[in-house]
Amino acid sequence: MRSWSIPIGRLFGVELRLHLTFLFLLMYVWFTQTAANGTAMTARVMALVGMVFGSVVLHELGHAIVAMRSGVKVRGIVLLPIGGITFMDETGQHTGKSAARDIRISAAGPLVNLAIGVGAAAVCVGLLHMNLLARPFILPQNLPKSFVWSNLFLGLFNLLPAYPMDGGRVLRSLFAQKMDYVQATRKAVTIGQGFAALFMVAGIWSPWLMMIGVFLFIGAQIEDRTALFQSVLETVKIEEVMLTDFSTLSSADTLEDALSKAVHSLQDEFPVIRGSDLVGIISRQRILDALRGGNGYVQGVMSRGFQIAQKSETLAAIFRRIGTKGLSLVPVVDGGRLVGIVTMQNLTHSMALLAESRKLQREE
């Protein structure tokens with residue numbers, strides 16, 4: 001989810017990221033509108049883009065709120081001009097019950113936009129006596145009318161069975177009841193890319209249709225990579241990616257000795273052992289901070305609150321543990337014996353390589 005996106009904050013504990021295509025949209029609207037109407041329309045152009053952005057945020061929040069109410073962990077949201085992509089912790093086992101849940105989550109976003117659009121239309125017609133059917137529907141000169149139609153268009157467009165649009169997600173949920181989750185996603189992605197191609201061809205008549213096709217294609221590619229990433233998480237065991245060549249510290253080491261050992265290691269955090277028992281975790285930074293108050297022993301400053309993993313666990317289990325607990329190192333044990341460690345940096349590199357390996361195998 002971090003590819004080609006920038007963080008813009010958190011909402012209800014969910015990370016929000018803005019895809020760079022939104023900036024492309026901003027530049028496109030800026031140049032086309034200022035070329036047609038001059039710089040006097042700059043403020044209204046910015047307001048129009050801001051309204052589209054706000055509508056997309058509300059759309060994705062609809063997904064996130066229904067997902068959280070359904071017990072699904074929401075990890076983050078990437079905002080695209082045609083909607084967004086909500087990243088959730090999903091399992092590879094999909095039943096009729098989970099399909100119904102996924103359909104509810106998928107429907108929430110379009111319903112939010114349609115409800116906002118209908119409500120805003122009632123205000124525009126009832127109070128402002130506005131003719132909403134006169135073309136063009138979206139233009140910076142009439143922001144209330146643009147707000148109505150941008151929400152209606154977002155809601156209706158997302159009902160298309162073009163993955164990753166919400167209609168495509170419903171289609172994926174139905175496919176997933178009959179086939180593997182990754183296969184279902186790839187089948188839905190293929191249909192979505194077909195729609196993207198049609199929109200790009202239709203760009204002969206309208207550059208906006210071309211842009212929609214490009215945004216749709218990019219969204220489908222993001223979801224395809226995410227599904228592949230998830231398949232790696234669910235099927236690869238920790239023992240396949242854990243670091244087996246690592247350094248440990250003793251609880252009886254002085255802080256000066258621990259720092260000396262840390263200097264000769266690439267690790268930022270170290271398991272602390274007493275005999276053969278794992279008793280804590282300490283970071284390089286924690287050692288430095290403690291030394292500023294004078295020399296002492298590792299056991300006095302190490303963290304005793306840590307999580308362990310069995311080497312037979314899947315990457316999905318350890319990844320969720322790291323994400324929810326905010327851990328940066330997890331010791332791996334086998335029969336009570338420390339046999340490896342997993343770090344966030346190690347996981348990121350390993351999963352990227354595994355995903356590429358599986359992609360190459362699939363293409364052969």
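The values are calculated or read from the model by the stated rules, or taken from the named source; none is laboratory data. Only a predicted model underlies this, so the values are computations on that prediction, with no experimental measurement involved. Virtual Cβ from ideal backbone geometry, glycine too; neighbours counted across all protein chains shown. Ligands, DNA and RNA are excluded from the accessible area calculation, which covers all protein heavy atoms including side chains. Shrake-Rupley method; radii C 1.70, N 1.55, O 1.52, S 1.80 Å.
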Checklist entry - Relative contact order, percent, of segment 195-345 when contacts are C-alpha pairs under 8 Å separated by at least 6 residues? => result 22 percent
Checklist outcome for this item: Highest mean packing first, using Cβ neighbours within 10 angstrom, the peptides 100-106, 148-154 sort as 148-154, 100-106
Item to check | Highest-fluctuation residue, Leu18, Leu216, Leu288 considered, GNM on the chain with Cα pairs under 10 Å | outcome: Leu288
Next on the checklist: Tell me which chymotrypsin sites (Phe, Trp or Tyr not before Pro) from segment 213-273 have a DSSP coil assignment and no more than 13 other beta carbons within 10 Å of their own.
Outcome noted: none
Item to check | Rounded to 10°, Cα long-axis angle of helix 166-176 versus longest principal axis of the chain | outcome: 50 degrees
Next on the checklist: Suppose each label sits 7 Å from its Cα in the direction of the beta carbon; what would the Leu291-Trp4 distance come out to in nanometres?
Outcome noted: 4.5 nm
Checklist entry - So how do 113-122, 289-298 stack up, highest first, on mean other-Cβ count within 10 Å? => result 113-122, 289-298
Checklist entry - About its Cα centre, how strong a charge dipole does the chain have in debye, to the nearest 20, once Lys and Arg get +1 and Asp and Glu get -1 at the Cβ? => result 920 debye
Next on the checklist: Let me cross-check Met27: its accessible surface, 1.4 Å probe, with only protein heavy atoms counted, in Å² to the nearest 10?
Outcome noted: 100 Å²
Checklist outcome for this item: Result for the chain: accessible area per residue, probe 1.4 angstrom, in square angstrom, of 50 Å²
Next on the checklist: Let me cross-check Val49: its accessible surface, 1.4 Å probe, with only protein heavy atoms counted, in Å² to the nearest 10?
Outcome noted: 20 Å²
Item to check | Sum of -39500 (n - 2.57) over DSSP H runs of 4+, divided by residues of the chain (222 nm, nearest 500) | outcome: -19000 deg cm²/dmol
Item to check | Dipole of the chain [Lys/Arg +1, Asp/Glu -1 at C-beta], most positive-end residue of Ile308, Leu48, Leu353 | outcome: Leu48
Item to check | Max mean-square fluctuation residue, GNM over the chain, Cα-Cα springs under 10 Å, options Pro207, Pro164, Pro140 | outcome: Pro207
Item to check | Max mean-square fluctuation residue, GNM over the chain, Cα-Cα springs under 10 Å, options Val78, Val263, Val342 | outcome: Val263
